[in-house]
1. Taking the Cα of Ile104, stepping 7 Å toward and past its beta carbon, and measuring to each backbone N in the range 33-67: which are under 12 Å?
2. Full-extension gain between Ile213 and Ala90, please, as 0.36 nm times their residue separation minus the C-alpha to C-alpha distance.
3. If I ignore ligands, DNA and RNA and count only protein heavy atoms, how much of Glu71 is accessible to a 1.4 Å probe, in Å² to the nearest 10?
4. Show me the trypsin sites (Lys or Arg not before Pro) within the range 1-73 that DSSP assigns to loop and that have at most 11 other Cβ atoms within 10 Å of their Cβ.
5. Please report the spacing between the Cα centers of the range 202-217 and the range 234-277 in Å, no decimals.
6. When ranked by the protection proxy of mean other Cβ atoms within 10 Å per residue, highest first, what sequence do the peptides 138-150, 218-230 form?
7. Obtain the nm distance between the two label points defined at Tyr173 and Glu71 by a simple spin-label model: each point lies 7 Å from its Cα along the Cα-to-C-beta direction.
8. State, to one decimal in nm, how far the label point of Ile183 lies from the label point of Val53, with both points 7 Å from Cα in the Cβ direction.
Amino acid sequence: MDYLFSIHFDVLFLIVAVASMVTMFGTELMAVVPVITGLKNDKVRLNVLSYIVPVWEVVGTFFVLWLVDMENVIPVLMPAMAYSLFPLFAIFIFFLVARNAFIIYAEFMWHGNKYFDERKLYIIYGVATFIMGLMAFSILAAITSGYGMYLYGYGKYSSIGYSNSYTNFVKLYSHADVIGFIIGGLILANGISRVFYRLSDINKPFERVLPLILVIVGLAIFMPSYYFLSLKDYMVNSDFIIIPIILALIIPILYMFKSTTYLASYKPFVILLSIISVAFLELRVYPYVFGYSNNPAFIPDVLTDSAMQYLALIISVVGGTWLVLMMIYYGYVSNHRMAKIIPPRETQRDKTANTTKN
């Protein structure tokens, strides 16, 4: 716990940047199931597409912010991490390009195409985002645990070239903790999505409790898995794992009651709680990463000490803070886009066609 009182501000900002990136990508990942299964439903179209269509580009900005901050704060780890996790990063980037392309096609290029309509293109977007999610969970599990990772170029192996770093992925995925981390995270995201996108009708008894059921099941799988993934990290901040559990349960519980349904599904509220939750999950691990690898990293020992770090940090802090505030504001704007103000695209096209006809 003493390490927290001496934590570097740049590391703290990196933790917040990662939490924001995970949260904003998580809001897209939460849309996968309704996008793939429910676009014929006007409620799903309005609630989900009106959010993800503008936000997908900015999520990519968070990826860039994370990459820049990692390079500024812990550049010693970046080469070894890149070489050892290259297959996961490569798959993630490939489907990132596919995700970007197909959501653009769905929005602007599907009209009059006899082979692909809007719904099919969005399904491809959803599948690509789902695969990105699998890769993201795998990368986070690997960085947290270090299962099967052989890292060189720093610490006691600083004399060995970092290009020799690699990961035994069979060993990584053979751990039940990693599989539980991925499956539990996906179930948890699906439960929160029913609140975030207001997909559950609280006037129907089963739908009212469905988000809470999914969140409890997700937490029951995800949290023990994460606990053991980070167990090697000397249990420095073990109590912090309680905070994300409480915050995750608050959302579906508030959604069950009509007086607090609006608050529970209020997007800035959910985004803020999610950022706090992910940040505390990160703080549970700090100051160690790659705990079960051949070369665990003690963060204070691998921080850069260059003069340029502080100049880059100022830029990152200002830009990153502005980005986070704007995304919370976007959640506010998206939360207030109602059907009576912004009708579905079909209604707009029909209105134009009727006007032309008349």
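The values are calculated or read from the model by the stated rules, or taken from the named source; none is laboratory data. Small disclaimer: the values here were computed from a predicted structure and weren't measured. Counting neighbours? That spans all protein chains shown, and the Cβs are built from the backbone with ideal geometry, glycine included. Note: areas computed on protein heavy atoms with side chains; ligands, DNA, RNA excluded. Shrake-Rupley method; radii C 1.70, N 1.55, O 1.52, S 1.80 Å.
1. Those under the cut-off are 57.
2. Working: separation 123, 0.36 × 123 = 44.28 nm, distance 3.49 nm.
Computed gain between Ile213 and Ala90 is 40.8 nm.
3. 100
4. Numbers: sites: Lys40, Lys43, Arg45; in loops: Lys40.
Qualifying residues, ordered by number: Lys40.
5. Here the two parts' Cα centres lie 16 Å apart.
6. Working: 138-150: 22.8, 218-230: 20.4.
Highest mean packing first, the order is 138-150, 218-230.
7. Calculated label separation equals 3.0 nm.
8. Those two pseudo-labels are separated by 3.7 nm.
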